[in-house]
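Please read the structure below before turning to the comments.
Derivation of every value follows stated rules applied to the coordinates shown; laboratory data play no part. Because the structure is predicted, anything quoted here is derived from the model rather than measured. Cβ: placed from backbone, ideal geometry, glycine included. Neighbour counts: every protein chain shown.
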Amino acid sequence: MLPTNPKQIIIVDDHPAIIKGLTFAFESEWPECAITSFQSGSKAIEAYPSLNPDVVLLDYQMPDQSGYITAMKLLKIEPTAKILLFTFLDSLPIAGNFLAIGGRGFVTKDADLDTLFAAITTIIQGDYYFHSRHERELSKMLHHGISNKFPKIQFSTRELQVCLKLSRGLSVKMIAHELDLSVRTVESYKESMIVKTGVKSTIELIDFIYQNGIKQI
């Protein structure tokens, strides 16, 4: 019978406050569980073989490399690794591509602790767990088989031009002037990118672009 409680958890998140809060919560819920944390994906990858955790709780947006890249490298070390992506970005392409490479769960950071506890114990027992507004689509993917060719997000050249200028602090009005476009057109490009990625704000959109190396069409 598979264990229901973790004995070893790795937390990978670049926010010390999140690490501190999760460590306290996990130690309270599972007093016998050892919690190890890292603020970068590369350090977690280096330590993984010696720790052999039951679960890796992995942030998506980190300074050295994304959670997606970190997960790929961990799964090369141990193909059966149980990795749970824990992120603010409730994006179907992010979740789908993560599951396609072997991820076991996807939980957004608005989840309560009971949901996170349930996700961890479910994954330990060999199942998948989702807490996302895309839960239905993700469940369908599992039912019909996850394709390793889950479509990547692609932006047009003009969309990337708009995003680059947004990242430099330009207003929509200034971008419209520089690109000789109407304000409404620039807004439509921005909204299109937000819909494609599933992010909630311009700041999250800019982070998403740089973390994922989005391709042009």
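Order the peptides 78-89, 170-181 from the highest to the lowest mean number of other Cβ atoms within 10 Å of their residues.
So the peptides 78-89, 170-181, ranked by packing, come out 78-89, 170-181.
At 222 nm, what value in deg cm²/dmol follows for the chain if DSSP H runs of at least 4 each add -39500 (n - 2.57) and the sum is divided by all its residues, to the nearest 500?
For the chain, the value works out to -15500 deg cm²/dmol.
So what is the relative contact order for the chain, in percent, with contacts set as C-alpha pairs under 8 Å and at least six apart?
With pairs under 8 Å counted, the relative contact order is 17 percent.
What are the principal axis extents of the Cα atoms in region 8-144, in Å, biggest first?
Principal axes ranked by extent give 36, 30, 27 Å for the Cα atoms.
Pull out the extension gain between residue 182 and residue 136, defined as 0.36 nm times the separation in residues minus the alpha carbon to alpha carbon distance; nm, one decimal.
12.8 nm
Going by average Cβ density within 10 Å per residue, which order do the peptides 98-106, 120-128, 53-61 take, highest to lowest?
53-61, 98-106, 120-128
To test your reading of the geometry: what angle, between 0 and 90 degrees and rounded to tens, separates the Cα axis of helix 183-197 from the longest principal axis of the chain?
20
Which residues' amide hydrogens lie under 5 Å from the amide hydrogen of residue 37, considering only partners 5 or more residues apart or on another chain, with H built in the peptide plane?
For residue 37, whose amide H was placed from the backbone, the distant partners under 5 Å are 11.
Considering amide H positions built from the backbone, and no H for Pro or chain starts, which residues 5 or more places from residue 8, or on another chain, come under 5 Å of its amide H?
HN-HN under 5 Å from residue 8: 34, 54, 55.
Please determine, in degrees from 0 to 90 and to the nearest 10, the orientation of helix 41-51 with respect to the longest principal axis defined by the Cα atoms of the chain, where the helix direction is its Cα long axis.
Between the helix axis and the principal axis of the chain, the angle is about 10 degrees.
Give me, ordered by chain and number, the residues 5 or more places off residue 82 or on other chains with an amide H under 5 Å from its own placed amide H.
Placed amide hydrogens put 56 under 5 Å from residue 82.
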